[in-house]
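Working notes, beginning with the structure itself.
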Amino acid sequence: MRAAVVTTFGGPEAVEIADVERPEPGAGQIRIKVEAATLNPVDAGVRSGAFGGAGTRRGLGWDVAGTVEAAGVAAGWQPGDAVVALHYGVANPLGTHAEHVVVDASAAAKAPATLDATHAATLPLNALTAAQALDLLDVRAGQTLLVTGAAGAVGGYAVQLAAHRGIEVTAYASTADEELLRGLGATHVVPRGTAPAPADAVLDTAVLGAEALAWVRDGGAYAGVIPGAAPAPERGVRTAAVEVAPDGARLAELVRLADEGVLTTRVAETYALADAVKAHARLAEGGVRGRLVLIP
């Protein structure tokens with residue numbers, strides 16, 4: 001099969017489309033025929049060598065939407081099942097940017113009934129990250145939440161999930177995104193460069209660090225999105241950073257919310273797998289609203 005991989009680190013040109021052996025599922029695993037796979041900033045990090053691994057092959061891609069074509073013992077899925085899944089890890093020799101991928105069966109959920117594979121593929125990594133970050137913050141209905149980078153993929157899902165739970169959301173983002181963010185459920189939109197009012201909790205998807213921590217009220221909570229990089233606690237503020245974990249049951253809940261219209265998927269552009277270098281170059285340009293999706 002064909003797969004996008006890196007064997008040397010660098011810019012978009014480091015991505016190779018390689019011919020590799022098709023993987024076989026073991027016990028508790030499934031092999032998915034990939035119909036769509038999202039390109040995320042973490043893939044650029046793997047490609048550039050931010051996570052190490054010099055001299056080895058690194059696969060790219062964490063999100064997948066597709067069809068089960070083979071299942072190991074006790075996998076619980078059948079060939080032909082339409083699924084979405086999170087394929088976690090920065091050190092995998094193969095990722096979801098491929099024609100086929102093997103994942104743990106427990107990481108998969110039934111695909112949304114109302115979305116095509118291209119849009120469904122944007123759910124696993126970003127929506128799970130948003131949901132698990134809100135868990136860390138333990139913010140409740142009636143409280144206030146500030147989301148930095150709110151127009152991004154994780155930020156947008158966090159705005160929608162929080163608003164759905166009855167949390168008052170302030171979005172910190174570009175003024176150009178105000179209409180989008182109010183449509184997602186933000187009560188307030190604060191332009192970048194303007195200090196917002198203190199909130200009970202801050203989800204810092206823009207990685208502002210200490211600046212965003214200052215916007216948490218005393219005794220509140222801060223969550224970042226770079227594992228191990230949360231600022232030190234102060235003023236009684238709890239600080240943490242989310243490290244997304246595969247969770248098929250939680251992903252199924254998010255799929256249900258997408259089918260109900262609570263979560264809005266956003267696709268910016270699609271690329272053939274053979275054009276993965278072009279997709280990485282577009283991601284590097286910045287300013288993407290919605291996700292770039294590879295179609296094998």
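Couple of notes before you dig in:
- In the stretch 1-39, the residue that is farthest from Ala71 (Cα to Cα) out of those that are among the polar types (S, T, N, Q) and outside any strand (DSSP E or B) is Thr8.
- Failed item, numbered, when Gly287 is tested on (1) without any contact (Cβ under 8 Å) to a residue 12 or more places away in the chain; (2) surrounded by 14 or more Cβ atoms within 10 Å (Cβ to Cβ); (3) under 30 Å from Arg2 (Cα atoms): (2)
- Index of the failed condition, Pro124 passing every other in (1) under 20 Å from Val154 (Cβ atoms); (2) of a type outside the set (Phe, Trp, Tyr); (3) surrounded by fewer than 24 Cβ atoms within 10 Å (Cβ to Cβ): (3)
- Residue satisfying all of: in the stretch 72-95; among the hydrophobic types (A, V, I, L, M, F, W, C), in contact with a Phe, Trp or Tyr (Cβ under 9 Å, 6 or more places away or on another chain) and modelled with pLDDT under 95; surrounded by the fewest Cβ atoms within 10 Å (Cβ to Cβ) among these: Ala91
- Unique residue being of a type in the set (A, V, I, L, M, F, W, C) and open to solvent by 60 Å² or more (accessible area, probe 1.4 Å) when the list is Ala232, Ala268, Ala241: Ala232
- Boolean, Thr56 is modelled with pLDDT of 95 or more, of a type in the set (Val, Ile, Thr), closer than 30 Å to Ile226 by Cβ and part of a loop (DSSP other than H, G, I, E, B): no
- Per-region count, the stretch 87-122, residues in a loop (DSSP other than H, G, I, E, B), within 18 Å of Glu243 (Cβ to Cβ) and out of contact with any Ser or Thr (no Cβ under 6 Å at 6 or more places or on another chain): 6
- Filter pass, Ala214 being over 20 Å from the mean Cα position of the chain (by Cα) and either open to solvent by 30 Å² or more (accessible area, probe 1.4 Å) or farther than 25 Å from Leu181 by Cα (or both): yes
- Being within 19 Å of Gly248 (Cα to Cα) and open to solvent by less than 10 Å² (accessible area, probe 1.4 Å) holds for only one residue in Ala158, Ala98, Ala113, Ala150, and it is Ala158.
- Val68 being surrounded by 20 or more Cβ atoms within 10 Å (Cβ to Cβ), touching a residue at least 12 places away in the same chain (Cβ under 8 Å), in contact with a His (Cβ under 7 Å, 6 or more places away or on another chain) and of a type outside the set (Ser, Thr, Tyr): no
- Those strands (runs of 3 or more DSSP E) lying entirely in the stretch 171-244 with at least 2 residues free of Cβ contacts under 8 Å to residues at least 12 places away in the same chain: none
- Cross-chain or 6+ apart pairs with Cβ under 6 Å, the stretch 7-33 first and over 26 Å from Asp104 (Cβ atoms), then assigned to a loop (DSSP other than H, G, I, E, B) and open to solvent by 70 Å² or more (accessible area, probe 1.4 Å): Ala14/Thr8
- Restricting the stretch 20-65 to residues that are open to solvent by less than 30 Å² (accessible area, probe 1.4 Å) and among the polar types (S, T, N, Q), the residue that is farthest from the chain's Cα centre (by Cα) is Thr38.
- Boolean, Gly185 is at pLDDT 95 or above, at positive phi and open to solvent by less than 40 Å² (accessible area, probe 1.4 Å): yes
The values are calculated or read from the model by the stated rules, or taken from the named source; none is laboratory data. Just so it is clear, the structure is predicted and the values come from calculations on it, not from any experiment. Reconstructed Cβ throughout: ideal geometry from the backbone, glycine too, with neighbour counts over all protein chains shown. Remember, those area values only see protein heavy atoms, side chains included, never the ligands or the DNA or RNA. Shrake-Rupley method; radii C 1.70, N 1.55, O 1.52, S 1.80 Å.
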